[in-house]
1. Given H placed 1.01 Å from N in the peptide plane, which residues other than close sequence neighbours of Asn106 have an amide H under 5 Å from its amide H?
2. What list do you get for Arg15, Arg53 if you sort them by fewest beta carbons within 10 Å?
3. Over all alpha-carbon pairs of the chain, lay out the pair-distance distribution in 10 Å bins, whole %, shortest bin first.
4. Nothing charged except the Cβ atoms of Lys and Arg (+1) and of Asp and Glu (-1): what's the magnitude of the dipole of the chain about its Cα centre? Round to the nearest 20 debye.
Amino acid sequence: MATTSTQPRKQRKARYNAPNHIRSRFLSAPLSADLRKKYGKRSLRVVKGDTVRVTRGDFSGDEGVVDDVNTGSSTVLVHGVTLTKADGKDVARPIHASKVVITKLNLADKKRVAETGEEE
């Protein structure tokens, strides 16, 4: 997203109105120290099946597998990170992608393997 304006309102507008192929870039999260050293990259896009550790909020320190990724709101649903509703039901708590650290990659996809630069 290349915005030339420094006005926050225009930056927000560009982010809200961004097309899907650009919204995908908003879902990047930092890699853990050992993965950073292994792959030589600082961050990657979060995908379903990655193992992540939450770094902010009430669930800070919790680790789990990504169950779902929402490109519209740039959030991920992590297995085990739930809130209890008033009627007793557990619902998944969406967490912004930038507030997690990827600790284990899901390398089931060939494109993902190519993105990391790892040989099969």
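1. Asp50, Thr51
2. Arg15, Arg53
3. Histogram of Cα-Cα distances, whole percents per bin: 13, 38, 32, 15, 2.
4. Around 800 debye, computed over the chain.
Every read-out reported here was derived from the displayed coordinates using simple, explicitly stated rules and does not represent laboratory data. Nothing here was measured: the structure is a model prediction, and the numbers come from that model. Quick reminder, even Gly has a Cβ in these numbers, built from the backbone with ideal geometry, and neighbours come from all protein chains shown.
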